[in-house]
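The values are calculated or read from the model by the stated rules, or taken from the named source; none is laboratory data. Since this is a predicted model, take the numbers as computed values, not measurements. Cβ placement follows ideal geometry from the backbone for every residue including glycine, while neighbour counts extend to all protein chains displayed. With ligands, DNA and RNA removed, areas are computed over all heavy atoms of the protein, side chains included. Shrake-Rupley method; radii C 1.70, N 1.55, O 1.52, S 1.80 Å.
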Amino acid sequence: MSTQQDNDELLPTQTENYRVSEKKAVDELQNLDANDESLNKWKASLGLGQAELRFPDDKRTVIVQALVLQSGDHVIRMDVSNDKAIEELSKRVVSIKEGIEYTFKIEFVVQREVVSGLVFLQKLKRLNVTVERTEDMCGSFGPKYETQEKRFPVATAPSGMLARGIYNIRSRFVDDDGVVHLDWNWKLEIKKEW
């Protein structure tokens, strides 16, 4: 059960005097400055004007498919594409070796409209005490049929006897408009060996 404090800890940092611009439909963006060739190329790179939807029956704008943890040859792919996969992930423990360098990658599909200011937030708790909170800006993304991804900077897992154990993690993918595209819980165990 999440508390108000848990929810507040997983809100993106607000920049003073920054206001989110008015949301515009894809068609409206496509028609802006239609005679500007360089702007039209930029719009095409965002995926504006692509009509085909990857998941036409799914009403979500951002469909997060997986969180991938990689360290050298070790790749752990956590499926978060639907409620059943998230429930299964919450029941198991993902294990990594202490002291390793690793990186996260998030894979997702954007459809129907441009999403601005996507942020990936994580809060790690051990023995019910928050030990780390991370916030990584992913950027803005237009609708595309293809899976898009964001790779995060390399991090080092804690090491030592006190660092070993199970961490409860809450992850959230949210945009500038405050829309939470996915919010899920999972467990990570730091062990002496793989």
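If we scan region 79-96, do we find a residue that is open to solvent by 70 Å² or more (accessible area, probe 1.4 Å), at pLDDT 95 or above, in a strand (DSSP E or B) and charged (D, E, K, R)? Looking for residues that are open to solvent by 70 Å² or more (accessible area, probe 1.4 Å), at pLDDT 95 or above, in a strand (DSSP E or B) and charged (D, E, K, R), one finds none in region 79-96, hence no.
Among residues of region 127-153 that are more than 28 Å from Ala163 (Cα to Cα), those with a Cβ under 7 angstrom from a residue that is among the charged types (D, E, K, R) and part of a strand (DSSP E or B), sequence gap 6+ or separate chain, pair up as Cys138/Lys150; Thr147/Glu107; Glu149/Lys105; Glu149/Glu107. Does region 110-117 contain at least one residue that is at pLDDT 95 or above and aliphatic (A, V, I, L, M)? Among the residues of region 110-117, not one is at pLDDT 95 or above and aliphatic (A, V, I, L, M), which makes the answer no. Test of understanding: among Gln70, Gln111, Gln65, which residue is in contact (Cβ under 8 Å) with a residue 24 or more places away in the chain, open to solvent by 10 Å² or more (accessible area, probe 1.4 Å) and more than 30 Å from Gly160 (Cβ to Cβ)? Going through Gln70, Gln111, Gln65 in turn, the sole match is Gln65.
Strands (runs of 3 or more DSSP E) fully within region 127-194 that include at least 1 residues being more than 23 Å from Val62 (Cα to Cα) and of a type in the set (Val, Ile, Thr): 129-141, 165-174, 180-191. Residues of region 89-108 that are free of Cβ contacts under 8 Å to residues at least 60 places away in the same chain and of a type outside the set (A, V, I, L, M, F, W, C): Lys91, Glu101, Tyr102, Thr103, Lys105, Glu107.
Filtering region 157-176 to residues that are out of contact with any Gly (no Cβ under 7 Å at 6 or more places or on another chain) and over 30 Å from Val114 (Cβ atoms) leaves Pro158, Gly160, Met161, Leu162, Ala163, Arg164, Gly165, Ile166, Tyr167, Asn168.
Quick check on Arg54: is it at pLDDT below 95 and under 20 Å from Asn168 (Cα atoms)?
Numbers: at pLDDT below 95: yes; under 20 Å from Asn168 (Cα atoms): no.
So Arg54 fails the test.
So if I check each of Val119, Val179, which one is out of contact with any Cys (no Cβ under 8 Å at 6 or more places or on another chain), among the β-branched types (Val, Ile, Thr) and either open to solvent by less than 60 Å² (accessible area, probe 1.4 Å) or touching a residue at least 40 places away in the same chain (Cβ under 8 Å) (or both)? Just a single option satisfies the conditions, and that option is Val179.
The rows are residues; the columns are (1) in contact with a strand residue (DSSP E or B) (Cβ under 8 Å, 6 or more places away or on another chain); (2) modelled with pLDDT of 95 or more.
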{"position": "Arg151", "(1), (2)": "yes, yes"}
{"position": "Ala155", "(1), (2)": "yes, no"}
{"position": "Pro158", "(1), (2)": "yes, no"}
{"position": "Leu162", "(1), (2)": "no, no"}
{"position": "Ile166", "(1), (2)": "yes, yes"}
{"position": "Asp176", "(1), (2)": "yes, no"}
{"position": "Leu182", "(1), (2)": "yes, yes"}
{"position": "Lys187", "(1), (2)": "yes, yes"}
{"position": "Ile190", "(1), (2)": "yes, yes"}
